[in-house]
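Peer 1: I'd like to ask you about the structure that follows.
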Amino acid sequence: MKQIATAFAPASVGNVGVGFDILGHSIIGPGDRVTVRRIAEPTVRIAAIRGSMALLPFEAEHNTAGAALIAMRAALALPFGLEIEIDKGIPFGSGMGGSAASAVAALVAANALLDRALPRELLYPFALAGEAVASGGRHGDNVGPMLLGGLVLATADQLVRIPVPHGLHCALVHPHAVVETREARAALEGSYALPDFVAQSANLAMLLAGCHGNNIGLIRAGLHDVLVEPRRAPLIKGFAAVKQAALDAGALGASISGAGPSVFAWCADERLAKMAADRMRAAFAGAHLGSDAWISPVNGPAAELVA
């Protein structure tokens with residue numbers, strides 16, 4: 001029986017603008033690496049956290065990776081415990097799914113230590129339990145695509161992989177700034193107008209229909225967030241200029257990745273995505289913010305065992 005395993009979970013673009021809390025996709029590039037060991041003590045403990053500029057909790061129940069494995073142990077009545085080492089590769093408060101990546105990587109590693117590994121979909125409830133520690137809610141827009149790869153519709157109890165047109169790429173730009181998830185969610189408090197809900201529903205429907213139908217025009221029409229983006233944009237310095245820079249470069253649409261401050265742009269091909277990323281970084285520089293950028297197919301990778 002395997003006693004130790006290491007898994008890598010990629011970063012993600014949560015919400016994809018119009019799919020708040022239910023739609024996301026993974027990207028090639030940064031991610032979290034988690035090593036899990038079987039231990040005799042019937043508990044979950046965190047032995048090490050490396051690579052984080054923020055102080056992350058070592059108490060397992062307050063850590064996304066720890067909470068996910070606590071949920072797994074309880075549900076499966078595991079007779080052994082689990083020890084976790086986390087190597088962070090996603091910046092804290094970046095809107096790139098860092099809290100979710102730790103939880104998913106821990107679950108994929110722990111799953112390899114079971115007598116019989118579970119299908120990825122059955123890890124989903126445990127990943128939600130981990131994500132809830134960081135965000136205060138059980139939403140799957142980040143953990144879903146990390147578990148399955150690509151663009152995923154994540155409801156309360158189901159994961160649905162969404163096909164995307166061949167060549168569709170994402171430019172993801174992370175400014176050197178922090179927006180904490182709870183702060184970003186607080187910005188959404190208050191009432192919303194019913195016509196805005198109708199418009200957002202129409203945009204999400206067009207985006208999904210465009211993906212299924214290989215229709216770039218529908219995707220372009222659907223990539224307009226009228227609910228969340230207007231309330232969170234003030235949290236991101238230079239956002240309006242960055243979004244406009246992406247659109248001027250030929251992007252199909254651009255919006256806030258997850259809770260921000262990272263900004264994503266969907267483009268019809270890799271060349272346009274690289275152009276958009278360059279112009280988005282220049283716009284952040286105009287707001288006196290350095291930034292990092294990644295170019296990835298929207299059909300990104302799933303978490304995987306690496307040792």
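Peer 1: Where Rh denotes the Kirkwood radius from the mean inverse Cα pair distance, what is Rg over Rh for the chain?
Peer 2: Ratio of gyration radius to Kirkwood radius for the chain: 0.98.
Peer 1: A further question on this structure: Using only helices, what value at 222 nm comes out for the chain when you add -39,500 (n - 2.57) per DSSP H run of length 4 or more and divide by the total residues, to the nearest 500 deg cm²/dmol? Show your work: numbers first, answer last.
Peer 2: Numbers: 10 runs with 109 residues, N = 307.
Mean residue ellipticity at 222 nm (helix-derived): -10500 deg cm²/dmol.
Peer 1: Determine the gain in length on full extension of the stretch Glu121-Gln3; use 0.36 nm per residue of separation and subtract their C-alpha separation, reporting nm with one decimal.
Peer 2: Taking 0.36 nm per residue and subtracting the Cα distance, the gain is 40.2 nm.
Peer 1: Could you pull out the GluC sites (Glu not before Pro) across segment 149-199 that fall in loop regions by DSSP (anything but H, G, I, E, B) with no more than 10 other Cβ atoms inside 10 Å?
Peer 2: Answer by residue number: Glu189.
Peer 1: Compute the normalised compactness of segment 169-297: alpha-carbon radius of gyration over 2.2 N^0.38 Å, N being the residue count.
Peer 2: Numbers: Rg = 14.5 Å, N = 129, 2.2 N^0.38 = 13.9 Å.
For segment 169-297, the normalised Cα radius of gyration comes out at 1.04.
Peer 1: For the residue pair Ala209 and Ala77, what label-to-label distance in nm results when each label sits 7 Å from Cα along the Cα-to-beta-carbon direction?
Peer 2: The modelled label-to-label distance comes out at 4.9 nm.
Peer 1: Apply the Karplus parameterisation 6.51 cos²θ - 1.76 cosθ + 1.60, with θ equal to phi minus 60°, to every residue of segment 102-115 and state each ³J(HN,Hα) to the nearest whole Hz, in sequence, with x for glycine and proline.
Peer 2: 4, 5, 5, 4, 5, 5, 5, 5, 5, 4, 6, 9, 6, 4
Peer 1: Find which of Ala282, Ala106, Leu159 sits farthest along the positive direction of the dipole of the chain, computed with +1 on the beta-carbon of Lys and Arg, -1 on that of Asp and Glu, about the Cα centre.
Peer 2: Final value for the positive-end residue is Ala282.
Peer 1: Here's something else I'd like to know. Nearest 20 debye, what's the magnitude of the dipole of the chain about its Cα centre given +1 on Lys and Arg Cβ and -1 on Asp and Glu Cβ?
Peer 2: 320
Peer 1: Could I ask something else about it? Using the Cβ atoms and a cut-off under 13 Å, what net charge is assigned to the surroundings of Leu207, where Lys and Arg are +1 and Asp and Glu are -1?
Peer 2: Neighbourhood net charge equals 0.
Peer 1: What length, rounded to one decimal in nm, is gained on full extension from Glu189 through to Phe92, with 0.36 nm per residue of separation minus their alpha-carbon distance?
Peer 2: 32.6 nm
Peer 1: Convex hull over the Cα atoms of segment 85-151, averaged projected area in nm²?
Peer 2: Dividing the Cα hull surface by four gives the mean projection, 4.7 nm².
Peer 1: Same structure, new question: Once both labels are modelled 7 Å past Cα along the beta-carbon direction, what's the Asp278-Ile216 spacing in nm?
Peer 2: A separation of 1.9 nm, rounded to one decimal place.
Peer 1: Moving on. Which trypsin sites (Lys or Arg not before Pro) from segment 1-48 combine a DSSP loop assignment with at most 16 other Cβ atoms within 10 Å?
Peer 2: On the way: sites: Lys2, Arg33, Arg37, Arg38, Arg45; in loops: Lys2.
Passing sites in segment 1-48 are Lys2.
Peer 1: While we're here: Given segment 1-72, report the % of alpha carbon pairs whose separation exceeds 21 Å. Don't skip to the answer; put the middle values down first.
Peer 2: Working: 1054 of 2556 pairs.
Roughly 41 percent, rounded to a whole number.
Peer 1: Now for a separate question. Tell me, Ile28, Ile86 in order of fewest to most beta-carbon neighbours within 10 Å? Intermediate values should be presented prior to the final figure.
Peer 2: On the way: Ile28 15, Ile86 27.
With the sparsest Cβ surroundings first, the list reads Ile28, Ile86.
Where a number appears in this text, it was derived from the coordinates with a stated rule and is not lab data. On a predicted model such as this, the values are computed, not experimentally measured, just so you know. Every residue, glycine among them, receives a Cβ derived from its backbone with ideal geometry; neighbour counts consider all protein chains shown.
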